[in-house]
1. Does the stretch 10-31 include one or more residues that are modelled with pLDDT of 95 or more, touching a strand residue (DSSP E or B) at 6+ places or on another chain (Cβ under 7 Å) and assigned to a loop (DSSP other than H, G, I, E, B)?
2. Find the residue count for the stretch 75-93, including only residues that are surrounded by fewer than 15 Cβ atoms within 10 Å (Cβ to Cβ), in a strand (DSSP E or B) and more than 8 Å from the chain's Cα centre (by Cα).
3. Give just the number: which of (1) surrounded by 11 or more Cβ atoms within 10 Å (Cβ to Cβ); (2) in a loop (DSSP other than H, G, I, E, B); (3) modelled with pLDDT of 95 or more does residue 72 not satisfy?
């Protein structure tokens, strides 16, 4: 029993792994990712909790960006705040706004 307690104490004293250090991407980086994929002007951004489906994909935090396309349509783009992975794009005119 004493050995188990000592082992647990030693393990808890180890530094945290880099994977455990949550660092969301900065806004300028997620804006760059969206700008590489879509034409338009960024008009809003916020951090949001993940939906149930996004949690199933191991997403911890979502960055939601609002993009006004050249055709004046609004796209709501959800990205994984840690990796920048596109999770969802909603709105009219998505295909027209895509950069080719």
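The values are calculated or read from the model by the stated rules, or taken from the named source; none is laboratory data. Keep in mind that this is a model prediction, so the values were computed, not measured. We place every Cβ from the backbone using ideal geometry, glycine too, and count neighbours over all the protein chains shown.
1. So far as the stretch 10-31 goes, no, none of its residues is modelled with pLDDT of 95 or more, touching a strand residue (DSSP E or B) at 6+ places or on another chain (Cβ under 7 Å) and assigned to a loop (DSSP other than H, G, I, E, B).
2. 3
3. (1)
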